[in-house]
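Heads up, the thing below is written out as structure tokens.
Throughout, read-outs are computed from the coordinates displayed, never taken from laboratory work. Quantities reported herein were computed from a predicted structural model and do not represent experimental measurements. Note that we place each Cβ from the backbone using ideal geometry, even for glycine, and neighbour counts take in every protein chain shown.
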Amino acid sequence: MVKPIEVRLVRSPIGRPEKHRKVLQALGLTRMHRPVDLYSSPQVLGALKKVIHLVEIKEK
């Protein structure tokens, strides 16, 4: 069962590897502190695991 989650970019991707920036862009995280609503599917959770040090996650 997928649950809605709110993801917010809290650390800048500047100076990070290109892979991390592409993952953030694919998730829709393009601006700092702007929340994005996603569903916690296995694909999304796997992508978030790659950039967990840059984001903040809240369950809705």
Task: the chain - Debye-derived log10 I(q)/I(0), Cα point model, q = 0.19, 0.23, 0.24 Å⁻¹ - done: -0.60, -0.88, -0.96
Task: Simple Cβ-charge dipole of the chain, Lys/Arg +1 and Asp/Glu -1, about Cα centre, in debye nearest 20 - done: 180
Open item on the list: Skipping prolines and chain starts, which residues have an amide H placed within reach, meaning under 5 Å, of the one on VAL55, given they are 5 or more residues away or on another chain?
Closed with: VAL10
- [ ] Can you spot the aspartates and glutamates whose alpha carbon is less than 20 Å from LYS3's alpha carbon? Ignore those fewer than 8 places along the same chain.
- [x] ASP37, GLU56, GLU59
